[in-house]
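Remarks on the structure that follows.
Every read-out reported here was derived from the displayed coordinates using simple, explicitly stated rules and does not represent laboratory data. Computed from a predicted structure; not experimentally measured. Note that we place each Cβ from the backbone using ideal geometry, even for glycine, and neighbour counts take in every protein chain shown.
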Amino acid sequence: MVQLSHLVGLRDLSRGDIVEILDIAEKLEDTCRGKVVSKILNDKSMATFFYEPSTRTRLSFEMAMLRLGGSVVSMADAKSTSSVWKGETLHDTIRTIDNYCDVIVLRHPDAGAAAEAAGYSKVPVLNAGDGTNEHPTQGLLDILTIRHEKKTLDGLKVALIGDLKHTRSTNSLTLGLSNFDVSFNFVSPSGFETSDWILDLVKSRGRKYVQYSTIQDALADADVVYVCRIQKERLGDPHLYDTIKGSYILDRKTLDSSITKDVTILHHLPRVGELATDVDSYPGAAYFRQPFNGVLVRAALLSIIFNRTP
Ligand code: NCD
């Protein structure tokens, strides 16, 4: 039985842990769609505390908690409307808000912030993205989406396209998927390749990967294609973005001329030009089915954290 005291990353989750989380997520489908009323967390409260913008992660976490009968307090813009603006440290902030809730969902610009907060919080901390490090709940919802679309997590070739150096969701996805019989095709603009610590882990788990220089080559034998944006806000040099934006775009023409079988297309969203809207009508385009799975996995994680799985 999977037990979590915090969730800071997918690095240390096993195949069994991930399968169990996904199975619990699926059991919560009717609850998360509002067809079944649940009160399993009716005495629990969650604080979402976000130092960076969010649409999907924060709203789906909050919806998940509400669907389980719990309550939510929320700080959507901690940098400008909380005492962080006055210079309060992460330590002092966490030691304050752990008085107000039973679980903290934290998004922070610094890699390692979630692990640090977990070290001094009195309540569980769930990482909703820490800088360029990890975004474990996004990774889990992506893996659940692949399982829904492909009916398996084994024997797949997964192509990841974009800024793989700064994108935390592809870090978590790669770490999570490397527990399964998956191989990877990576393609990124030069200088934006997957970090060595991720590649080392993939290798140590016996998974294969190839780093391609063109989208066409990476798509040729893929079953799943994951596109991500250039993380403009994480580039030191603001002019760098202008020089590389548009250097890789997945549009319908490129897709149709490169794939050799039906593929599932995912994107963590938001997209800002790298995934053309003419791909939306492709049957395997799953990126607007993907966000609902965020409610499912986040509800599953909340039920696990409080030992109240369905
Ligand atoms: C991502 C994030 O914040 O890491 N968004 C998300 O959670 N779906 C990706 C992004 O901002 O590019």
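Summary of values
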read-out: Whichever aspartates and glutamates have a C-alpha closer than 17 Å to that of residue 39, once near sequence neighbours (fewer than 8 apart) are set aside; value: 29, 30, 62, 102
read-out: Antiparallel DSSP beta bridges within segment 116-211, percent to nearest 5; value: 10 percent
read-out: Segment 86-241 - Debye-derived log10 I(q)/I(0), Cα point model, q = 0.12, 0.17, 0.21 Å⁻¹; value: -0.58, -1.00, -1.28
read-out: Debye intensity ratio I(q)/I(0), log10, segment 1-116, q values 0.11, 0.16, 0.17, 0.20 Å⁻¹ (C-alpha model); value: -0.42, -0.88, -0.98, -1.26
read-out: Charge dipole (the chain, unit charges on Cβ, about Cα centre) - positive-most of 183, 230, 299; value: 299
read-out: Segment 63-95 and segment 288-310: distance between their alpha carbon centers, rounded to Å; value: 20 Å
read-out: Rg(Cα)/(2.2 N^0.38 Å) for the chain, N = residue count; value: 0.97
read-out: Separation between Cα centres of segment 183-222 and segment 13-61, rounded to whole Å; value: 30 Å
read-out: Segment residue 277-residue 33, extension gain: residue separation times 0.36 nm, minus the distance between their alpha carbons; value: 85.1 nm
read-out: log10 of Debye I(q)/I(0), alpha-carbon scatterers only, for segment 171-302 at 0.19 Å⁻¹; value: -1.31
read-out: Only Lys, Arg (+1) and Asp, Glu (-1) charged, at Cβ; the chain dipole about Cα centre in debye; value: 520 debye
read-out: Segment 56-102 - Rg (one decimal) and Dmax (whole number), Cα, Å; value: 12.3, 35
read-out: Highest-fluctuation residue, 175, 13, 141 considered, GNM on the chain with Cα pairs under 10 Å; value: 13
read-out: Cross-link table 157/208; 165/208; 157/261; 157/203; 27/261, entries beyond 21 Å C-alpha to C-alpha; value: 27/261
read-out: Normalised contact order of the chain, rounded percent, pairs of Cα under 8 Å and 6 or more residues apart; value: 21 percent
